[in-house]
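Novice: Just passing along the structure, written as structure tokens.
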Amino acid sequence: MKRLYGLRGATGAENTKESIQKNVVEMCLGLFGSNKLNPADIVSIQFTQTRDLTAMTPAAAVRRGQSEFDVSGCALFCSQEPEIDNSPEKMIRVLVTCYMEEGSSLNHVYINGGEKLRPDFAKK
């Protein structure tokens, strides 16, 4: 039986279309692959990005940047990360809401500098 889960991730990027696209795609493909997701199981993908990343939205990046995993049927949403003192710069965070088998082990993906946000989830 499947139930609804939330998968988390974060990646750093430079403020260029190429960097944002590359890093967002790497993070998302890591989440999709390590959790054995099918496109039909994804309800929505929500991104936040720090205010210093203005070259491209993460939703556009994931739509344009890959063809290995079709996100065209997923609801995608972006917003600006709240400005908090001493927060890391040039950061993109994601929340993937999806259906997985009940009792699944969740694999969150924190890469390219995102590890500092959740060292407990970062791969050792």
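The values are calculated or read from the model by the stated rules, or taken from the named source; none is laboratory data. Predicted model only: the values in this text are computed from it and were never measured. Glycine also receives a Cβ, built like all others from the backbone with ideal geometry; neighbour counts cover every protein chain displayed. Surface accessibility is based on the protein's heavy atoms, side chains included, excluding ligands, DNA and RNA. Shrake-Rupley method; radii C 1.70, N 1.55, O 1.52, S 1.80 Å.
Novice: How many of the residues making up segment 49-61 are touching a strand residue (DSSP E or B) at 6+ places or on another chain (Cβ under 7 Å) and either of a type in the set (V, I, T) or free of Cβ contacts under 8 Å to residues at least 24 places away in the same chain (or both)?
Specialist: Step one: filter segment 49-61 for residues touching a strand residue (DSSP E or B) at 6+ places or on another chain (Cβ under 7 Å), giving 49-51, 53, 57-59.
When the remaining residues are screened for being either of a type in the set (V, I, T) or free of Cβ contacts under 8 Å to residues at least 24 places away in the same chain (or both), the result is 50, 57, 59.
Count: 3.
Novice: If I filter segment 93-101 for residues that are touching a strand residue (DSSP E or B) at 6+ places or on another chain (Cβ under 8 Å), touching a residue at least 40 places away in the same chain (Cβ under 8 Å) and surrounded by fewer than 14 Cβ atoms within 10 Å (Cβ to Cβ), do I get at least one hit? Before you say what the answer is, go through the steps one by one.
Specialist: Pass one, segment 93-101, residues touching a strand residue (DSSP E or B) at 6+ places or on another chain (Cβ under 8 Å): 93-101.
Of the ones still in play, those that are also touching a residue at least 40 places away in the same chain (Cβ under 8 Å) are 93-101.
With surrounded by fewer than 14 Cβ atoms within 10 Å (Cβ to Cβ) added as a condition, the list becomes 101.
Checking segment 93-101: at least one residue is touching a strand residue (DSSP E or B) at 6+ places or on another chain (Cβ under 8 Å), touching a residue at least 40 places away in the same chain (Cβ under 8 Å) and surrounded by fewer than 14 Cβ atoms within 10 Å (Cβ to Cβ).
Novice: Can you confirm whether segment 106-122 contains a residue that is part of a helix (DSSP H, G or I) and of a type in the set (G, A, S)? Write out each step before concluding.
Specialist: As a first pass, look at segment 106-122 and keep what is part of a helix (DSSP H, G or I): 114-116.
Of the ones still in play, those that are also of a type in the set (G, A, S) are 114.
Within segment 106-122, one or more residues are part of a helix (DSSP H, G or I) and of a type in the set (G, A, S).
One line per residue, one yes/no per condition, for (1) at pLDDT below 95; (2) loosely packed, with under 14 Cβ neighbours inside 10 Å; (3) not β-branched (V, I, T):
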site: G9; (1), (2), (3): no, no, yes
site: I20; (1), (2), (3): no, no, no
site: C28; (1), (2), (3): no, no, yes
site: L31; (1), (2), (3): no, no, yes
site: A40; (1), (2), (3): yes, yes, yes
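Table: residues versus (1) in a strand (DSSP E or B); (2) under 19 Å from Y5 (Cα atoms).
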| site | (1), (2) |
| --- | --- |
| K22 | no, no |
| G30 | no, yes |
| A40 | no, yes |
| I45 | yes, yes |
| A61 | no, no |
| F77 | yes, yes |
| I84 | no, no |
| V94 | yes, yes |
| M100 | yes, yes |
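Novice: Conditions first: (1) open to solvent by 20 Å² or more (accessible area, probe 1.4 Å); (2) in contact with a strand residue (DSSP E or B) (Cβ under 9 Å, 6 or more places away or on another chain); (3) part of a loop (DSSP other than H, G, I, E, B); (4) of a type in the set (V, I, T). V71 passes all but one, so which condition is the exception?
Specialist: Single failed check for V71: (1).
Novice: Taking into account only those residues within segment 47-59 that are outside any strand (DSSP E or B) and among the hydrophobic types (A, V, I, L, M, F, W, C), which is farthest from G9 (Cα to Cα)? Quick ask: steps written out before the conclusion?
Specialist: Step one: filter segment 47-59 for residues outside any strand (DSSP E or B), giving 50-59.
So of that shortlist, the ones also among the hydrophobic types (A, V, I, L, M, F, W, C) come out as 53, 55-56, 59.
Working: L53: 17, A55: 20, M56: 18, A59: 14 Å.
Among those residues, the one meeting the criterion is A55.
Novice: A further question on this structure: Looking at (1) under 15 Å from the mean Cα position of the chain (by Cα); (2) at pLDDT 95 or above; (3) surrounded by fewer than 19 Cβ atoms within 10 Å (Cβ to Cβ), which is the one condition that is false for P58?
Specialist: Evaluating P58 over (1) under 15 Å from the mean Cα position of the chain (by Cα); (2) at pLDDT 95 or above; (3) surrounded by fewer than 19 Cβ atoms within 10 Å (Cβ to Cβ) leaves (3) as the failure.
Novice: Another question, if that's okay. May I ask you to list pairs of residues, at least six apart or on different chains, whose Cβ atoms are under 7 Å apart, with the first in segment 1-25 being aromatic (F, W, Y) and the second being part of a loop (DSSP other than H, G, I, E, B)?
Specialist: Cβ pairs passing all conditions: Y5/S104; Y5/L106.
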